[in-house]
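Notes follow once the structure below has been shown.
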């Protein structure tokens, strides 16, 4: 979206200028009304604050039976997808088969906005495969917002199942332009477990006074350079 405004230059003449709004796609496996843990409400809070700061927000999320596109009163567009494969042997097959629908929805957002998408923000590990595919196919950078780690969820288990999820986490940390973590403790754990350089991580505590300003600064520092038509 583009905003138009007027100002006065140093000669007293009225000048016309254009302000381009940022467009970001947020990938999250839970979003209200589907609430599994604390992530759904956090992503909702984040989306509302971004919209208040003139960011065009597109949510891609999962729901069992609600599918399609909807908009809330703040103008946030929510794209809900479901899994085309109904039978699974575990969360890993569920996630990997669901990612194709996440990729489809994200690509549709990109093309419906005339390829003018600045950034993706992938929350937790579930949609990391889709974020990486879109990054490589459409040249859209992404942030990996770390909500939790498999090492902690599985209490250190190293079965093939656990190692597969840890591999997805590692790949997301490698491919992401930046990691956002919610505490210094989580930053230190990511460093310990995955050896991610400290300069690649940004600690932003959601309950801190200036958290949304820090999010916006991080977004702006990473958004892609979009070629203009005719250039």
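What follows is calculated from the coordinates using simple rules that are stated; it is not laboratory data. Note that the structure is a prediction, hence the values are computed from the model and not measured. Neighbour counts run over all protein chains shown; Cβ positions are idealised from the backbone, glycine included.
Modelled spin labels at residue 63 and residue 174, positioned 7 Å past Cα toward Cβ, are 3.6 nm from each other. Can you give the % of DSSP beta bridges in the chain that are antiparallel, to the nearest 5? Around 30 percent of the beta bridges assigned by DSSP in the chain are antiparallel ones.
Cβ crowding within 10 Å, taken as a proxy for footprinting-reagent exposure, orders 65, 42, 31 from fewest neighbours to most as 65, 42, 31.
In a fully extended conformation the segment linking residue 191 and residue 89 would gain 33.5 nm over its present Cα-Cα distance, using 0.36 nm per residue. Short-range pairs are left out: with C-alpha atoms under 8 Å and at least six residues apart, the relative contact order of the chain is 14 percent. The simple spin-label model puts a point 7 Å past each Cα toward its Cβ; for residue 35 and residue 224 those points are separated by 3.4 nm.
If both residues of a DSSP beta bridge must be in the range 52-114, then about 45% of such bridges are antiparallel.
Listed from fewest to most Cβ neighbours within 10 Å, the set 87, 82 follows the order 87, 82.
Neighbour counts of C-beta atoms inside 10 Å place 159, 221 in the sequence 159, 221, starting with the fewest.
Given R0 = 22 Å, the distance between the Cβ atoms of residue 167 and residue 200 translates into a calculated FRET efficiency of 0.75.
Mean projected area of the Cα convex hull of the chain, taken over all directions, amounts to 15.3 nm².
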